[in-house]
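Remarks on the structure that follows.
Just so it is clear, none of the values below were taken in a lab; they were calculated from the coordinates. Since this is a predicted model, take the numbers as computed values, not measurements. Backbone-built Cβ (ideal geometry, glycine too); neighbour counts: all protein chains shown.
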Amino acid sequence: MSRIFRSLLIIICIICISGCKKSEPSVSDKVPPPFVREVKGIEIIRGNNQVAYKGERLDTIVLKIKLNASDDGSPLAYYLKPSDNNNSFQMHSQVKSGGDMIIKGFWRPSSNVEEPNIKLYFSATCNYNQMASGTCKVIDSVVLSAKFRQPWKSVYFGSQGGYNVLQDLQFIDEYKGIVVGEGSGVIRTSDGGKTWLRGEPVRSDNGAYIISFTGRDTALVSIVNNYAFFTYDGGKTFFQANNWTPPIGGHQSSTSYYLQSRNTIYSVGREGNIAKTIDGGQTWNKSGSFNNLNRLNDLTHIGKDTLFTCGSVGFIARTSDAGRTWKQQPVQVNNDLNKIYFINSSTGFIGGQSGVLLRTTDSGEHWEKISSGVGFPIIAIRFFEKGHGFLVSSGGEISESRNNGISWTQIMKSNYGAGDLLRALIKDETTIFGLQQSSILTYDLLKP
């Protein structure tokens, strides 16, 4: 009996112990840990390595922030670590796109360094103060870089004693160039424009306004009251022209000359005057003049007998018989036109006021207006091989074309080292020169 009782007691104890044991939850009853959104990488979509103007904001920066799988579209915190304290970055927008965050922002680089950069930190879990103090552990970063565009720079500055304005600039060859002006003397370079030296003036009153070459050695220099001096040694010495009669009466009344030879010379200028001499300037034929209020500003030729001139209020005229007769070309612009340039006998350009640019592909029979990319008066145009060309405005703007002038892209804005150019000369595909008051300026096309 006692044995049976003991057995029953043992069984009851086992049942009680089993009943007191804590039951294990099922797999379905387990609670997952809280999900943490994290930045898993940063991709630069647009805006890195831009060429910047000092003091100005860059084009929009676009970044793709890669996140782990999350439906959370709340903004990310960011922190800027600049190369110096004058950088600024402004967030424009954060937009969720799939599992990523698309960031758009604006960067104004510091002007205190030549090649600025910034380091941007992003975090989905930390705030700005945590990132700034370095206590944030879940963080990613990206570095943005830029380069500053080089401005026009001065390579010659005339003395401030008295009136001193540089008027015209020509290069004889790759190395030798010459500048004339009012109160400036004659300024020369023999190293392609790297250095310039002032010499004696063309004449004692120290006033010269236009220099126009025919060949390497012979050039005409227009002086006071539209009289002329000549050089026969590439500008080393100058001599007053014997029996010279001004082609157009009045001081600086001629605006452009074309020397076909020492004896055959064309000139255009005030009041629609067009003059031609075949005896070296002793007598002039003005039968082709228009005698109107249009000031003619430039003159160029294509071939021996075909010449073009342009001037105020959209005026263009052409001769095909060596100046015996001139015909005005109809164009739908009223801007003053300043500069003519022909790539070949059929394709040419005329630039003028407010950046207006006209293009012809049929030897000037018809002209179409195209965008030049500049807003100031165009004062220089030149093309090279493979349809590569440049134009320059009086405000210092430069535009470039790589398709024979069909389209143009501005590569230099106004007032960035130059803002009041009287003349500009596109020497080659690497260097442009400009005259501004008493300074010779240059722009290096190889160092944007």
Could you check the simple spin-label distance between S141 and K119, using points 7 Å along Cα→Cβ, in nm with one decimal?
-> 0.2 nm
Return the sequence-ordered ³J(HN,Hα) values of segment 428-433 in whole Hz as given by the Karplus equation 6.51 cos²θ - 1.76 cosθ + 1.60 applied to θ = phi - 60°, using x for Gly and Pro.
-> 7, 7, 10, 9, 10, 10
Based on the alpha carbon coordinates of the chain, what radius of gyration and maximum Cα-Cα distance (Dmax) apply, in Å?
-> 37.0, 161
Within segment 334-354, what residues put their amide N at less than 20 Å from the label point 7 Å along the Cα-to-Cβ vector of K369?
-> 334-341, 348-354
Applying the Karplus parametrisation 6.51 cos²θ - 1.76 cosθ + 1.60 with θ = phi - 60° to the phi angles of segment 277-287, what ³J(HN,Hα) value in whole Hz is obtained for each residue in order, glycine and proline being reported as x?
-> 10, 10, 10, x, x, 6, 9, 10, 9, 10, 5
Fraction in percent of alpha-carbon pairs per bin - 10 Å, segment 165-323 | 11, 41, 35, 13, 1
Scan around Y53 for amide H atoms under 5 Å from its own, H built in the peptide plane at 1.01 Å from N, and keep only partners 5 or more places away or cross-chain.
-> R149
Once phi is turned into ³J(HN,Hα) by the Karplus curve 6.51 cos²θ - 1.76 cosθ + 1.60 with θ = phi - 60°, what whole-Hz value does each residue of segment 169-184 show in order, with x for glycine and proline?
-> 9, 9, 10, 7, 8, 4, 10, 9, x, 8, 10, 10, x, 9, x, 10
Built amide H within the under 5 Å cut-off of M412, gap 5+ | I398
For segment 329-418: rounded, prolate or oblate by the Cα gyration tensor [a/c cutoff 1.5] | oblate
Lysines near K194 by alpha-carbon distance under 29 Å, same-chain residues fewer than 8 away left out - which ones?
-> K54, K147, K153, K176, K236, K339, K386, K413, K427, K447
Provide the three semi-axes, in whole Å and in decreasing order, of the ellipsoid equivalent to segment 39-148 as defined by the square roots of 5 times the Cα gyration tensor eigenvalues.
-> 25, 16, 10
